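Structure, as structure tokens:
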Amino acid sequence: MTRLALEQVTDFGDFTKGKNLKEFFKQAYSNISSQNCLSDVRLSPDGRHIHVIVRQPKSGLMTHDKYQRAHLMQCQKHVDLVLTGNVPIVDVIYIPQSKPEDGASVLGVIFENGRVEFWKFLECRSGWHLLQTVDLCKSPRAKVISVCMCQNFIIWCEERPPSENSNSVSSNLRFCICKKTIEVNEGGVSLGNVKIALHNNPQYTIISSGDLVYLLPDMRENRVSCKVFLAWSPEHDSFKVHSACSCTLMKSSSKESDFKRLVTDCIGLLFTINPPDICGFSPTGCGDLLLLLSTGWVCIMKRDGSLHNIYKLPDNCLSASGSQNSLNIYNEILALTIGRTLFLIDTKCGLELERISLKTEGLLFVNTLDSHSPQMLSETGLFVVIQNMKPSPMLSEDSSVLLVEAVFEEACKYYQQRSLSSTQLTVEKLKNGGMFQAPISLAAILRDYLSQERLMSSLESELRSLVLLEDIKTSVVKASEKDLENHCESLVQQEICRLLSGELERENLQYLNSIFHLFPTYSWHAMQAVLHLRCNGEGLLSSKAPAELWKIILSPVQPTANLAHCNGQQKHTAVPVFELLCHSIFKFQPSWLPRILELAQQQSGGSSKSSWGYGMKESSESLPLYKRALTVLPCNGTYQHLKVELLLCSERPKAIMQALQILIKQGQWEQVAQAAERFCRQSPLLNKEIFSALLCEVSQHRDLDPYLDLLWTLCPEDMTVTSILNIVLKDLPDLTQNSRPFEAHGSQVTIRLLKPLLRKVLQRETKPSQRYADILQSPTVPPLTPPRQPKGLFRDPRIDLFRYLF
């Protein structure tokens with residue numbers, strides 16, 4: 001059994017002046033804003049240096065260094081990199097040497113006024129040494145907002161002072177993107193000339209990923225320009241316009257250097273999209289960008305502009321944990337910290353491998369010396385994710401005795417449940433032959449089969465799980481407070497797997513209810529693992545659980561079960577497994593509830609289309625799955641949208657009509673039209689009911705006017721002009737004094753609105769039917785000549801009505 005766990009790194013070394021890492025952070029954190037403490041921490045690529053940017057009360061920089069040589073750690077003359085001053089520090093960057101053999105990278109400390117100090121750490125000379133100081137910006141009034149390194153370029157976002165004649169729009173677009181070539185050699189640091197890559201752009205945060213640079217807007221600004229972000233290739237000076245919506249790439253490569261002209265072609269689209277906010281980001285190093293969106297999805301933006309969903313956080317997870325987060329990809333594992341929780345996700349399938357609770361917030365980083373292992377920095381130290389391999393329990397001599405005892409215990413329990421005798425059968429009585437004929441026979445069978453290998457081989461997996469369960473229980477008793485949570489989660493998962501692996505008796509069902517009640521979070525994680533639930537990028541659920549397991553979960557409602565869940569409170573009677581599952585989903589992932597219903601209907605042999613009976617009586621044994629899922633919703637009507645989705649997912653006529661009535665009551669006319677178009681094609685009878693209900697709404701108000709063309713196409717074939725007019729006249733509201741039959745604007749239906757529908761139905765009625773044309777035609781016997789009538793004496797009354805209306 002493999003488990004992922006955090007292990008603290010204890011060999012980071014002493015930091016200057018004999019202080020350890022915890023003392024360093026205690027001192028540093030006292031000078032950092034509590035809201036964005038981790039955003040001001042930087043680590044060197046090799047993980048040997050920790051830098052903390054101090055914002056208040058005075059700006060500065062604190063550094064913690066790891067010395068690799070023991071005699072240098074004892075040196076009393078360390079040269080610390082501790083900077084203080086009045087000019088704020090924007091960021092620190094590492095510039096690699098032109099030749100790797102030249103030694104460690106050079107650290108660049110970028111100040112807001114454009115000044116850059118280049119430092120180098122020389123262990124042989126006991127610390128940091130200043131190489132040189134340069135200025136990035138040409139104007140003394142310019143300010144550096146953000147900075148990064150990409151290949152051999154140093155790139156920054158620069159704020160230019162607004163001119164006196166500039167308006168509010170121009171003042172928001174007073175930034176520019178600049179770049180310089182940079183090279184580190186033996187003589188120091190060489191910088192090229194300044195080149196402005198983009199003019200008149202909003203404020204951007206610059207992130208380097210491989211050979212690309214991503215320009216992310218400031219989400220605190222509520223402007224149209226914040227709906228897009230840019231991907232820029234400094235080598236080719238080409239831009240791409242992206243969005244966090246599913247449409248992603250909005251404009252392909254362009255060498256335009258003015259932001260206004262760059263996004264001109266996208267202006268129309270910008271007003272039609274509403275992309276989610278970007279709550280977190282991290283470069284992958286190969287040109288891709290990892291994004292954490294406000295919707296809870298963790299996505300990866302590919303360099304070609306496509307957006308791929310990886311994992312969906314539980315609902316309200318971001319709002320409950322605040323804005324503190326960090327994320328990174330290590331090989332094929334996504335590590336994500338939200339508040340004080342660490343998520344480890346398999347990027348190939350979106351499976352949650354582990355969820356670890358943290359004592360304090362953590363900052364994930366990539367160590368170039370070990371880029372495959374997730375590493376995290378927190379106030380308490382450095383941590384690395386490791387794999388704990390737990391060997392499977394082997395069937396030794398001692399375990400064989402336990403297995404035999406377990407077989408006899410299960411046999412006693414099975415016999416006692418089906419025996420009419422009130423005498424308790426124990427293992428000792430069963431081994432000794434018991435008191436009645438049935439226990440004697442049962443004991444003989446057990447002795448006979450336990451002496452053979454075939455029983456042991458057939459029961460090996462079940463007995464192993466029982467032994468493993470006992471081991472976990474022992475570990476829980478002996479575990480420390482730190483490891484108790486992990487052991488409890490393993491115990492809950494093992495118990496739920498054991499209970500769902502066979503026939504679920506009433507006693508086991510009550511026991512399962514108590515587990516869900518006492519350990520709701522662990523039970524939800526266990527059900528995800530047992531059912532192998534996966535959610536793809538389109539929001540669809542899939543399960544790889546066997547059909548036997550689904551049969552147990554979807555077993556009919558127990559007669560003694562109480563399904564009342566008003567205000568979210570359950571009664572103490574045993575709730576069936578499917579209701580327990582729905583209740584957990586509603587608590588931790590409400591958006592999954594309609595999807596789990598669809599999945600359950602598929603596993604139960606298809607949806608409810610086969611039982612489309614009107615007026616069929618429903619008992620506790622035949623209660624539809626959608627009604628069982630509806631029981632977990634509160635009775636106060638706060639989750640009407642979930643109720644509508646569940647009713648529509650059932651695909652039952654009564655449920656569909658109930659959902660339409662709810663949508664009509666809420667005035668959700670677009671959803672009403674979509675549902676009508678979807679379900680009218682599935683049944684003529686349901687088509688007629690939906691059309692009649694919507695026609696009643698048309699006769700009462702004008703809210704459905706934008707959808708009349710769609711509604712007329714849904715008119716059933718057996719509808720006549722008379723039936724349509726009867727429905728309209730029956731549901732017409734009381735006439736007002738100022739209303740006229742042909743008014744263009746108003747709250748009532750007019751003949752003009754009904755004209756396309758009536759024309760369509762009249763044409764269908766007056767058109768000769770071709771249904772029996774082949775029978776009426778006779779090639780041998782001609783039809784009789786009808787009696788002639790004078791012209792004008794006969795006229796079809798429907799033609800008069802047609803001409804009157806049109």
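The values are calculated or read from the model by the stated rules, or taken from the named source; none is laboratory data. The model shown is predicted, which means the values in this text are computed figures rather than measured ones. Glycine gets a Cβ as well: all are built from the backbone with ideal geometry, and neighbour counts include every protein chain shown. Surface accessibility is based on the protein's heavy atoms, side chains included, excluding ligands, DNA and RNA. Shrake-Rupley method; radii C 1.70, N 1.55, O 1.52, S 1.80 Å.
Extension gain for Ser683-Ser501 works out to 61.5 nm (0.36 nm per residue, less the C-alpha to C-alpha distance).
Cut-off 17 Å, label point 7 angstrom out along Cα-to-Cβ of Arg464: give me the residues of the stretch 491-532 whose amide nitrogen falls inside. Answer for the stretch 491-532: 494-495, 497-498, 501.
If r is the Cβ-Cβ distance from Asn193 to Lys348 and R0 is 56 Å, what FRET efficiency results, to the nearest 0.05? The calculated FRET efficiency here is 0.80.
By accessible area of protein heavy atoms, probe 1.4 Å, what ranking do Thr181, Thr341 get, highest first? If you can, show how the numbers build up before the last one.
Numbers: Thr181 60, Thr341 35 Å².
Largest accessible area first, the residues go Thr181, Thr341.
For the ranges 680-691, 264-275, what's the packing order if you count other beta-carbon atoms within 10 Å of each residue, average per peptide, and put the highest first? Write out the running numbers ahead of the final one.
Numbers: 680-691: 17.7, 264-275: 12.8.
Peptide ranking by packing, descending: 680-691, 264-275.
In this structure, the residue pairs whose Cα-Cα separation is over 30 Å, taken from Lys312/Lys643; Lys120/Lys195; Lys359/Lys544, are Lys359/Lys544. For the stretch 81-97, backbone phi angles converted through the Karplus equation (6.51, -1.76, 1.60; θ = phi - 60°) give residue-by-residue couplings of 9, 10, 10, 9, x, 8, 8, x, 8, 7, 6, 10, 9, 10, 10, x, 5 Hz, Gly and Pro being listed as x. Spacing of the modelled spin labels on Asp315 and Arg702, each 7 Å from Cα toward Cβ, amounts to 3.8 nm. Residues Trp669, Trp232 ordered from highest to lowest accessible area at a 1.4 Å probe: Trp669, Trp232. In this simple spin-label approximation, Thr720 and Lys58 carry label points 7 Å from Cα along the Cα→Cβ vector, and these lie 9.6 nm apart.
For Ser357, Ser306, Ser422, Ser378, the ranking by accessible surface with the largest value first comes to Ser422, Ser357, Ser306, Ser378, using a 1.4 Å probe.
Would you mind getting the accessible area per residue of the stretch 278-335, heavy atoms of the protein chains only, 1.4 Å probe, in Å²? Please list the in-between numbers first.
On the way: 2180 Å² over 58 residues.
The answer is 38 Å² per residue.
Tyr311 exposes around 20 Å² of accessible area when a 1.4 Å probe is run over every protein chain in place. Extension gain for Thr133 to Ser692 (0.36 nm times residue separation, less C-alpha to C-alpha distance): 193.2 nm. Kindly flag which residue pairs out of Lys66/Lys302; Lys688/Lys760; Lys478/Lys587 have an alpha-carbon separation exceeding 26 Å in this structure. In this structure, Lys66/Lys302; Lys478/Lys587 lie more than 26 Å apart at Cα.
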